[in-house]
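Quick notes on the structure that follows.
What follows draws every value from the coordinates through simple rules; no lab data is involved. Since this is a predicted model, take the numbers as computed values, not measurements.
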Amino acid sequence: MDGHYFARKNRLTTNNCAHAAIKMMIRSIRGYNIFKGFRGRPKSDIKALEKSVASLSDMVMNHPEIAEMDINPLMVHEEGKGATVADYRIVLKDKNSSICKSVIRNRKSN
């Protein structure tokens, strides 16, 4: 997927994103039709994208210490080949306050 996918606890989900809500959210992406195949390119693995959103939602719901999460980019491969998070950043809250205390980051260095 081109661009970035930004997820925050309060924006990504309310009560574990029902599968139907995830499908609707993905289909509301302005460029959704590109996932269905475009100019000779194969269809994207929409099921992997749905599973990724559901997994991220579950992770955030099960870990209230996550203050915010930034995934950029989430690359969706051709149908049957999954999706890959190339870079992410997770900000954790201090257990005793709402102040962010640490950042978890994964970025490939060139």
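Quick notes on this one:
- For the listed residue pairs Lys51/Lys93; Lys51/Lys81; Lys23/Lys93; Lys51/Lys95, the alpha carbons are over 20 angstrom apart in Lys51/Lys93; Lys23/Lys93; Lys51/Lys95.
- Reachable aspartates and glutamates from Lys47, criterion Cα separation under 20 angstrom, eight or more residues apart if same chain: Asp2, Asp58, Glu78, Glu79
- Placed amide H near Ala83: partners under 5 Å, 5+ positions off or other chain: His77
- Available extension along the chain between Glu79 and Phe38 is 13.4 nm, counting 0.36 nm per residue and deducting the alpha carbon span.
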